[in-house]
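Have a look at the structure below, then the notes.
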Amino acid sequence: MTNSGTGPGPITPDGSPVDFYSLLEPGAEPEIAARVTPSGGTILELGAGAGRVTHALVERGFDVVAVDESPEMLARVRGARTVLGRVQELRLDERFDTVMLASQLVNTVDDTLRRDFLAACARHVKPGGAVLIQWISADGHDRWRAGTGRQDGAVTITMTAVEETSPGIFHATMRYAHEGPGDAGGSVWTQSFASKRLTDEELAAELAGAGLRLERFLTEDRMWLLAVPA
Ligand SMILES: C[S@@+](CC[C@H](N)C(=O)[O-])C[C@H]1O[C@@H](n2cnc3c(N)ncnc32)[C@H](O)[C@@H]1O
């Protein structure tokens, strides 16, 4: 199964509905980045989407380069330099204080692609810099249940289906419903994706393969971790 999405507006190659991601508020990410990045420092945001986190980082005074393979997503980014392209092929002639790989891209079921994502992080971080990775832990996968979800402002996010189709490989579908006013009011999107369950040890080994060392988890839910050049 390839990742896919449905609903109004453009859908990215990985199944992300652009209009839906444009509605979401920044969460804890800007504060997490600020904890590990020097004031006014440089941040490379990989898979930046419509700028949900980018805009908050720019507001905090960081110098941000936002990378995404979706031109429709990048068209919504303001205040940052944008680079249209695939993370795995990225070769910028510069290094950054912090490189962010968000949105559980590291849980891709394509092992080669995961290594290429991590290699892109490693070749763009300064010596002594920080690589911030958002992932779903093994426990996180084990807690996935159809029918669970959360509210994000006027958006209801529900996991409508999840199945472990082979050992460690999960296929899930999310439903995003926007009940608020405005053009997007009443819109419903779905996003289906595959995710690989990685243990802490497996993740640490993947990082080591890219020349990175798992330093520590940054959030209580362990979804964000700090890796540094080994
Ligand atoms: C789920 S969206 C989240 C966007 C943003 N990180 C956020 O949290 O709001 C994931 C984004 O990653 C981008 N993406 C996925 N795989 C990518 C790749 N291999 N190279 C570049 N961008 C990618 C998609 O186009 C999409 O915009």
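Only the coordinates and a few stated rules stand behind these numbers; no lab work does. Keep in mind that what you see is a predicted model, and the values were worked out from it rather than measured. Cβ atoms come from the backbone with ideal geometry, glycine included; neighbour counts cover every protein chain shown.
Select from segment 114-154 those trypsin sites (Lys or Arg not before Pro) which occupy a DSSP coil region and have at most 16 other Cβ atoms within 10 Å, ordered by residue number.
ARG145
Can you compute the FRET efficiency between ARG60 and ASP110 using 1/(1 + (r/R0)^6), with r the Cβ-Cβ distance and R0 = 25 Å? Round to the nearest 0.05.
Efficiency for this residue pair is about 0.15.
How high is the relative contact order of segment 99-229? Use alpha-carbon pairs under 8 Å, at least six apart in sequence, and give a whole percent.
26 percent
If you take the alpha carbon radius of gyration of segment 168-230 and divide it by 2.2 N^0.38 Å, what ratio comes out, to two decimals?
Rg over 2.2 N^0.38 Å, computed on Cα atoms: 1.66.
Under a crude label model (7 Å from the Cα following the beta-carbon direction), how far is ARG81 from THR156 in nanometres?
4.4 nm
Counting only C-alpha contacts under 8 Å and six or more residues apart, can you give the relative contact order of segment 172-230 as a whole percent?
Contact order relative to length: 22 percent.
Over the Cα atoms of the chain, compute the convex hull volume and normalise it per residue, giving Å³.
Each residue corresponds to 117 Å³ of Cα convex hull volume.
Are there any helices in the chain, counted as whole DSSP H runs, that stretch 24 Å or more along their axis by Cα and score at least 1.0 on average by Kyte-Doolittle, and if so which?
In the chain, no H run is both long and hydrophobic enough.
When only alpha-carbon atoms count, how far does segment 105-184 stretch along each of its three principal axes, as whole angstroms with the largest first?
Principal extents (Cα only, largest first): 46, 36, 20 Å.
What number, in percent, do you get for the relative contact order of the chain if the mean sequence gap of Cα pairs under 8 Å and at least 6 apart is divided by its residue count?
After rounding, I find 18 percent.
If you rank LEU203, LEU118 by fewest surrounding Cβ atoms within 10 Å, what's the result?
Ranked by crowding around the Cβ, least crowded first: LEU203, LEU118.
Can you report the principal axis dimensions of segment 44-181 using only the alpha carbons, biggest first, rounded to whole angstrom?
Sorted from largest, the Cα extents of segment 44-181 read 44, 42, 26 Å.
Enumerate by residue number the GluC sites (Glu not before Pro) in segment 67-110 meeting two conditions: DSSP loop (anything except H, G, I, E, B), and at most 13 other Cβ atoms within 10 Å of the site's Cβ.
The qualifying sites are GLU94.
Could you check the spin-label model distance between ASP93 and GLU164? Points 7 Å from the Cα along Cα→Cβ, value in nm.
Simple spin-label model gives 4.9 nm for this pair.
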